[in-house]
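Student: Can you keep this structure in mind? I'll have questions shortly.
The values are calculated or read from the model by the stated rules, or taken from the named source; none is laboratory data. Quick caveat, the model's predicted, so the values are computed rather than measured. Note: ideal-geometry Cβ built from the backbone for every residue, glycine included; neighbour counts use all protein chains shown. Surface areas here come from the heavy atoms of the whole protein model, side chains and all, with no ligands, DNA or RNA. Shrake-Rupley method; radii C 1.70, N 1.55, O 1.52, S 1.80 Å.
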Amino acid sequence: MSEILKLVKKFDEYRSKCLNLQASENIMSRDARAALGSGMASRYSHVDHETHENSYGGTSIIEEIEESVKRMASKLYRSKYAEVRPIGGHVALESTLISILKKGDSFLYIDEKDGGYPGYRQDMIPGMFGFTGIPIPYFYDRQEIDFYGLEKVVKEKKPRAIVLGQSAFVKEYDLGRINEIAWNYDLKVVYDGSHVMGLIAGKGFQTDAIFRSDVLLGSTHKTFFGPQGGIILTNDGDLINRISENMIWKTMDNYHPSRLAALGVSMEEMLATGEEYASAVVRNSRNLGKALNDLKIGIKFNPWFSFTHQLIVDEKSISRRSLDRISFSKTLEKNRIIVDRDGRIGTSEISRLGLHDMDMVGELINKALSNEEVTKEVTDLVSGLQSKYW
Ligand SMILES: *Cc1c(COP(=O)(O)O)cnc(C)c1O
């Protein structure tokens, strides 16, 4: 057997016996994985924007899949148009920003210190395209935009767009107030829902995202349990045309047809179970936040903790156990509980697998952090999880 395939099998064996609480991850169904690993993985399909001719042969089924995935995306998000080809949330973002902004333009974004995505740093996407990023004034403790400060910055700096969305994402935005400012100062509203696309699809979070933004975009593999990829949704026909033109040969070439097929399978599952899934995710976060806090593992934003799949660990609280974000993650990992090194705990995957006893999850985390060995309890728990999709 191939040496690499041996490692892949070892990895799958290992991770299938871990409790995955990583906020950026999820689990794909067997059917979606079958699509992703299908023969489509080595095929091309490129429909020309103007002539509508495909540059490749043998593609009619791929084209049928793409049309069907677009239709499902529009249904899930209640949008007129969907661009389902981006190979990641980041690529969706690049393709969108270059369709809205010109070189020299500035835009607003949420700073990393407030939970924002590092891709908005000046030396990342803005630097690449000659844009200037301006941080949105923000009240960290309330996880709310400082609207007074925002209006001041908008008046002064005259940005062309406001980009919402965070990587540490626990609360909705007041899009009504964003819309007022956007209307008064002619700003495009871009909602980077990378982390919450599955919750929006399941109507468990920010249900006005599509109505009150010019563009909703994000990843298809965080709370949305599809393959790694990106998606863009809008009701603006001109904008979707510009975005589509700004994709192929600019931010990417082929769009990985097998990924698109896997996304389609996941969308069928989302249409069937999305609402139940999204409400379970949010409920589980809240309950796990309470459970951990009661065990003196501090979670930020007490008493509401979170309206999403994420909990943010309070570093001050874990420092009393001589832990920081990294040792917190590594200690749990020794016990096969996987969280990232950024102090985020996510409930998407365990919710998809039907785990609802958050007191038990809290207890396992607490024991592991108290240097009790809980690997066996964790592997037993995970192997008992049943999902019709797993
Ligand atoms: C994860 C993330 C991205 C990038 O998405 P990929 O799918 O990893 O390319 C963009 N924006 C935000 C807010 C994110 O959290």
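Student: Relative to the compact-globule scaling 2.2 N^0.38 Å, provide the ratio for the alpha-carbon radius of gyration of the range 5-152.
Tutor: Scaled against compact globular proteins, the figure is 1.40.
Student: Can you give me the distance in nm between label points at SER38 and SER370, each placed 7 Å from the Cα along the Cα-to-Cβ direction?
Tutor: 5.0
Student: Between ASP238 and GLU13, what is 0.36 nm times their sequence separation minus the Cα-Cα distance? Round to one decimal in nm.
Tutor: Roughly 76.3 nm would be gained on extension.
Student: Mind ranking 6-13, 257-264, 87-94, 118-125 by how tightly packed they are, going by the mean number of other C-beta atoms within 10 angstrom, highest first?
Tutor: 257-264, 87-94, 118-125, 6-13
Student: Can you classify the range 274-383 as rounded, prolate or oblate using the Cα gyration tensor, where a ≥ b ≥ c are the square roots of its eigenvalues, rounded means a/c under 1.5, and otherwise it's prolate if a/b beats b/c and oblate if not?
Tutor: Note, shape of the range 274-383 comes out oblate.
Student: Under 5 Å between amide H atoms, partner at least 5 residues away or on a different chain: which partners does ALA161 have, H built in plane at 1.01 Å?
Tutor: For ALA161, the qualifying residues are LEU108, LYS188.
Student: Just to confirm, what accessible area per residue do you get for the range 165-271 at 1.4 Å probe, in whole Å²?
Tutor: That works out to 32 Å² for each residue.
Student: Could you bin all the Cα-Cα distances of the range 208-264 into 10 Å bins starting at 0 and give me the percent of pairs in each, rounded to whole numbers?
Tutor: Final binned percentages: 20, 46, 32, 1.
Student: Hey, another quick one. Shape verdict for the range 80-250, please, from the Cα gyration tensor: rounded (a/c under 1.5), prolate (a/b greater than b/c) or oblate.
Tutor: Rounded shape, in that the Cα axes give a/c under 1.5.
Student: While we're looking at this one, here's another question. Just from its helices, what would the mean residue ellipticity at 222 nm be for the chain, if runs of 4 or more DSSP H residues each count -39500 (n - 2.57) and the sum is divided by every residue, rounded to the nearest 500 deg cm²/dmol?
Tutor: Rounded to the nearest 500, it is -13500 deg cm²/dmol.
Student: If r is the Cβ-Cβ distance from SER2 to ASP208 and R0 is 56 Å, what FRET efficiency results, to the nearest 0.05?
Tutor: The calculated FRET efficiency here is 0.70.
Student: Oh, and also: Specify which residue in the list THR379, SER351, GLY362 is farthest towards the positive end of the charge dipole of the range 351-390, using unit charges on the beta carbon of Lys, Arg (+1) and Asp, Glu (-1), about the Cα centre.
Tutor: SER351
Student: Then there is this: Sorted from largest down, what three extents in whole angstroms do the Cα atoms of the chain have along their principal axes?
Tutor: 63, 57, 36
Student: Dividing the convex hull volume of the Cα atoms of the range 94-177 by its residue count, what figure in Å³ per residue is obtained?
Tutor: Normalising the Cα hull of the range 94-177 by residue number yields 94 Å³.
Student: Could you check which residue among SER95, SER42, SER244 shows the biggest mean-square fluctuation in a GNM of the chain with a 10 Å Cα cutoff?
Tutor: SER42
Student: At a threshold of 8 angstrom on Cα-Cα distance, excluding pairs fewer than six apart, so keeping six or more, what relative contact order does the range 80-250 reach in percent?
Tutor: 30
Student: Probe of 1.4 angstrom, ligands and nucleic acids ignored: what's the accessible area per residue over the range 277-390, in square angstrom?
Tutor: I get 45 Å² per residue for the range 277-390.
Student: Where the accessible area of the range 108-174 is counted over protein heavy atoms with a 1.4 Å probe, how much of it, in %, is carbon and sulfur?
Tutor: Carbon and sulfur: 52 percent of the exposed surface of the range 108-174.
Student: Over its Cα atoms, what ratio of radius of gyration to 2.2 N^0.38 Å does the range 1-80 give?
Tutor: 1.53
Student: Ok, one more. Ratio of alpha-carbon Rg to the 2.2 N^0.38 Å globular estimate for the range 149-216, to two decimals, please.
Tutor: 1.12
Student: While we're looking at this one, here's another question. Set the bar at 31 Å for Cα to Cα. Now go through LYS17/LYS70; LYS157/LYS290; LYS9/LYS203; LYS80/LYS222; LYS75/LYS113; LYS17/LYS296 and name every pair that lies beyond it.
Tutor: LYS17/LYS70; LYS157/LYS290; LYS9/LYS203; LYS75/LYS113
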